[in-house]
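Taking it in order: structure first as structure tokens, then the write-up.
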């Protein structure tokens, strides 16, 4: 158990819908990272937040957005969902001053 | 060409064999993670290293920054080592880039 929690574990929804994925980092970790793992693209970095502020952006679609709240939990919002958004979404956290990332168990999103 | 290349893509071995998975990358990095992903999907960070060698139990990871190459070794492999192993160099302080993974199967 890495100490990073993600909810829900599984999510099934329809095209065009909007969903919110939640991540709670390890106690004391200020950075949260979001990743997408799909069958055709593999693992990809989406976005990073540090202490509430966006720090780095990767291959995140405009239909996706994220935020980190004052209690350091983070949410990834996916809207106008398409079949191709079906994937595993992981978050990871790291403590300030180190680069080592600890991964949550992931949320499996299925878009029908 | 991918920024991170792993070899082999698939590896099947017998219990007890010595396993080596290789990773070459073309980007400048500050560190490199080796990750393990089991069939259930969860990802575990095995190592993060920026130079030299690290050992944890039966696992050994090495990195040569000048050669842009890292290896993961498993000694006395066991069926429970069966998983996908992913090399993930860290660009700067934030961005992990990922290899395509090596699917390892250890037969009893």
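Every number in this text was worked out from the coordinates using simple rules, so none of it is lab data. Computed from a predicted model, the values in this text were never measured in an experiment. Counting neighbours? That spans all protein chains shown, and the Cβs are built from the backbone with ideal geometry, glycine included.
Among A:95, B:27, sorting on how many other beta-carbon atoms sit within 10 Å of each Cβ, with the fewest leading, yields B:27, A:95. Rg over Rh for chain B works out to 0.95, both radii taken from alpha-carbon positions and Rh defined as the Kirkwood radius. Neighbour counts of C-beta atoms inside 10 Å place B:25, A:33 in the sequence B:25, A:33, starting with the fewest.
Among A:1, A:29, which comes first, second and so on when ranked by fewest other beta-carbon atoms within 10 Å? Please report the intermediate quantities before stating the final value.
Working: A:1 8, A:29 20.
Fewest-to-most ranking of A:1, A:29: A:1, A:29.
What does the convex hull of the alpha-carbon atoms of segment B:1-64 project to on average, in nm²? Averaging across all directions leaves 5.5 nm² for the Cα convex hull.
Relative contact order, percent, of chain A when contacts are C-alpha pairs under 8 Å separated by at least 6 residues? Each step should come with its number before you reach the end.
Details: 289 pairs, mean separation 41.8, N = 112.
The value is 37 percent.
If you wrap a convex hull around the C-alpha atoms of the protein assembly as shown and split its volume per residue, what is the figure in Å³?
Values: hull volume 26.9 nm³, N = 220.
In the protein assembly as shown, the Cα hull volume divided by residue count equals 122 Å³.
To one decimal place, what Kirkwood hydrodynamic radius in Å is obtained for segment B:65-108 from all pairs of distinct Cα atoms?
Working: mean 1/r = 0.0805 Å⁻¹.
After inverting the mean inverse Cα-Cα distance, the result is 12.4 Å.
Hey, what's the Cα Rg ratio for chain A versus the globular rule of thumb, 2.2 N^0.38 Å? Kindly include the intermediate steps, with their values, before the conclusion.
On the way: Rg = 13.1 Å, N = 112, 2.2 N^0.38 = 13.2 Å.
Dividing the Cα radius of gyration by 2.2 N^0.38 Å gives 0.99.
Size descriptor for segment A:1-53, Kirkwood hydrodynamic radius: 13.1 Å (Cα pairs only, one decimal).
With distances taken between every two different alpha-carbon atoms, segment A:53-112 has a Kirkwood hydrodynamic radius of 13.3 Å. Relative contact order of chain B: 37 percent, from C-alpha pairs under 8 Å at least 6 residues apart in sequence. Distance from the C-alpha centroid of segment A:53-96 to that of segment B:55-77: 31 Å, rounded to the whole angstrom.
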